[in-house]
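I have placed the structure first, in the form of structure tokens, so that the comments after it can refer back to it.
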Amino acid sequence: MSLQVWYQNRRAKGRKREKCVMAEYGLYGAMPRCLQQWDTNASSCKWWNAQKVPGQLGDGLEAADLSRKRGGQRLSWITPFHTVQNCDLSQGKIKWFEGGQLNVSVNCVDRHVHTCPERVALIWERDEPGTEIKVTYRQLLELTCRLGNLFRRLGVRRGDCITLYMPSCPLAVAAMLACARIGAVHSVVFAGFSAVALAERIRGARSRIVITANQGLRGGRVVELKATVDQALLSCPSVQHVLVTMRTENPVAMTDRDLVLEQEMTKEDVSCEPVAMDSEDALFLLYTSGSTGKPKGLVHTQAGYLLYTALTHRYVFDYHDGDVFGCVADIGWITGHSYIIYGPLCNGGTTVLFESTPLYPDPGRYWETVERLKINQFYGAPTAIRLLLKYGDHWVEKYDRSSLKTLGSVGEPINTEAWSWYSRVVGEGRCPVVDTWWQTETGGVCIAPRPAGPDTEIIPGLAMRPFFGIQPALMDSKGKMLTDNDTTGALCIARAWPGMARSIYNDHQRYIETYCLPYPGLFFTGDGAHRSREGYYQIVGRLDDVINVSGHRLGTAEIEDVVNQCQGVAESAVIGYSHDIKGQGVYAFAVLKEDADISEAVLAQRLRDMVSKKIAKYAVPDFTQVVKRLPKTRSGKIMRRVLRKVVERQVDELGDLSTLDDPMAVQEVIQGHQRLLAKGAKP
């Protein structure tokens, strides 16, 4: 069936065919009526407000949406679903909208081409200032279809996984949508990862095709992407084809398996029939670090993820048709997936692809971009905000920011000083700052100050209010739910929601053990949170051995594995510590072998080189401390809690050390840390 016939069938059957997925989802959370299907019994939509969070849903929000006659038509269905949810968190079973079939690329592109083909879908803010490129929905559909046909010609079948190692650019977006169009799965790897890390992810995804660029440009520097892929593929025999887009004019080495992407696309037709995908078919894999050292390939599926990103994009950021949404994350992270691509495009929005850095060519780059592109919502990381704060207000104030309506923060909790500067200087005191909490695992924003009534308070540094249908639960160390306010515990979510990851690729048991077993019947996030007296939520940090560096999560075990490979190192422990700019930095403790003859300074440089090569530059230890032994329990578990207290200079708060095998090890660590401080180190 051709795409034209498919559209004709849709129109002939009328809008009833486009049954809104919110029809029954409304009974699961406090939903504005605009999120219900026109033929849904409104009385079945119960207003869930069990958490009693002040201002969580203002009646004004609902009233404002009553005039939107078709506001509930979020997704276009090929086949309507018959079951809204079939979930059991205790078993790791999450299914939404069973029986339904749709195509994500159609929802993100085709239906907007049908109504507004010349609307700008993407603004590619290239590394070179002032050279932005705009791509309309019509053009994006053509790119997507040509790529989909190319993938089919190369033998890609439904369920196959294609790995992308690309800069933020329109072809990367089109490649992701093309995968969705033909039923393939995409795995985007951040284009700053090393060849070793890339190879591990290619093998994990079992990809036969890799897409990359000859080179990347970032902050005025050339990044050798194709060379990194070539190095990675030395240990990836399954890869048959490498598609290479030419970001620069510089030639790179090409082999028989390498194809110039632009040349191959010109051979393909501009029409590509979309595949009807089941709601729970895999849409993409995205690897995130875990505490075991082996990255987890989290699986996100079709309908639930797309719906959740569309809803959170519109309501958390107060996005309206015609706005320009500026998320400055990289497409290699979940933030890029959800709030550069799928959420905005599903909503028919205009979204910015930011290729550069906040300091290139000067610290005014973000704000010059805001002025030039007239960005309405700006979504960035606290790391960048803290960095720019240090350069002073004048870099912000020299540019017109009157287009801004909402400011967002993502990746880690934002400190009060940075929040206040962001609000007062960047937002001129008139833009709400939404400090969003969510994870790769959650798919989209789960806790944020908005949506809420227009006059409800926002407290600096707090994520505050759960999104529609999200039911946070705080648990104590004994597994008991904490029901009172003004309390702190392990943050769990008590009910399944559509956007959550469904599994870990090829290892569902690990998914269950990581997220479902720690607190049976709940989803364990791995974060700690405080619920204030008013019922607002504040994220207090990671509970497991994962470090959040500049919004990038790193498993300590992954770094330790590299440290332990260094010649002369017998054992290591890696922790995160508070960092003024990055949120958290990396601090490595190393125990040397008895016959090792290496200074602390030389070891530190070796580890920086090794971690940069095997993981990524942002993962390198900021400090390396050589110790004779590590503080351990009698069972042999390293007491990282103690190491963190020492590095954070909280030696008076070490707590109970009775389980340590040798308490003297702690004193040695303290003395070594003081020695580093005396040398001028400032962790």
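The values are calculated or read from the model by the stated rules, or taken from the named source; none is laboratory data. What you see is a predicted model, and the numbers here were worked out from it, not measured in a lab. Backbone-built Cβ (ideal geometry, glycine too); neighbour counts: all protein chains shown. Accessible surface areas use protein heavy atoms only, side chains included; no ligands, DNA or RNA. Shrake-Rupley method; radii C 1.70, N 1.55, O 1.52, S 1.80 Å.
A 1.4 Å probe run over the stretch 487-554, with the rest of the protein chains in place, finds 33 Å² accessible per residue. Distant-in-sequence amide contacts of ARG218, defined by a placed amide H-H separation under 5 Å and a gap of 5 or more residues or a different chain, comprise VAL223.
Taking 31 Å as the limit for the C-alpha separation, the pairs LYS374/LYS582; LYS95/LYS134; LYS582/LYS628; LYS95/LYS613; LYS226/LYS267 exceed it in the case of LYS95/LYS134; LYS95/LYS613.
Inverting the pair-averaged 1/r between distinct Cα atoms of the stretch 125-204 gives 13.7 Å as its Kirkwood hydrodynamic radius.
Any idea what the relative contact order of the stretch 550-683 is, in percent, if you count C-alpha pairs under 8 Å spaced at least 6 apart?
With pairs under 8 Å counted, the relative contact order is 22 percent.
Each peptide in 543-553, 326-336 receives the mean, over its residues, of other Cβ atoms within 10 Å, and ordering these scores from highest gives 326-336, 543-553.
With contacts taken as Cα pairs under 8 Å and at least 6 residues apart, the stretch 494-580 reaches a relative contact order of 15 percent.
A straight line joining the Cα centroids of the stretch 489-553 and the stretch 142-202 runs 28 Å. Whole-Hz Karplus values for the stretch 216-230 come out as x, 10, 8, x, x, 10, 8, 10, 7, 6, 4, 5, 5, 4, 4 Hz, taken residue by residue from phi with 6.51 cos²θ - 1.76 cosθ + 1.60 and θ = phi - 60°; glycine and proline positions read x.
Using all pairs of distinct alpha-carbon atoms, the Kirkwood hydrodynamic radius of the stretch 295-414 works out to 15.0 angstrom. Our summary gives the chain a relative contact order of 12 percent, counting only alpha carbon pairs under 8 angstrom and 6 or more residues apart. For the listed peptides 296-306, 196-206, 492-502, a ranking on the average number of other beta carbons within 10 Å per residue, highest first, reads 296-306, 492-502, 196-206.
Summing Lys and Arg as +1 and Asp and Glu as -1 over all other residues whose Cβ lies under 11 Å from the Cβ of HIS241 gives a net charge of 0.
Could you check how many percent of all C-alpha pairs in the stretch 77-195 are farther apart than 25 Å?
Of all Cα-Cα pairs in the stretch 77-195, 39 percent lie more than 25 Å apart.
Over 16 Å apart: what share of the alpha carbon pairs of the stretch 510-631 falls there, rounded to a whole percent? Pairs farther apart than 16 Å: 66 percent. Taking Cβ atoms as reference points and 14 Å as the exclusive limit, the residues near PRO449 contribute a net charge of -3, counting Lys and Arg as +1 and Asp and Glu as -1.
Protein heavy-atom surface of the chain, 1.4 angstrom probe: 49% of the accessible area is carbon and sulfur, with nucleic acids and ligands not counted.
The packing ranking of peptides 662-671, 186-195, 211-220, highest mean first, is 186-195, 211-220, 662-671, where packing means the average number of other beta carbon atoms within 10 angstrom of each residue. The Kirkwood hydrodynamic radius of the stretch 204-344, based on inverse pair distances between different Cα atoms, is 18.1 Å.
Three semi-axes describe the equivalent ellipsoid of the stretch 400-470; taken as square roots of 5 times the Cα gyration tensor eigenvalues and ordered largest first, they are 21, 14, 11 Å. By the rule of a C-alpha distance below 17 Å, with chain neighbours fewer than 8 residues away ignored, the aspartates and glutamates paired with LYS294 are GLU200, GLU441, ASP507, GLU513, ASP544, ASP545, GLU558, GLU560, ASP561. Its residue count N fixes a reference of 2.2 N^0.38 Å for the chain, and the Cα radius of gyration divided by that reference is 0.95.
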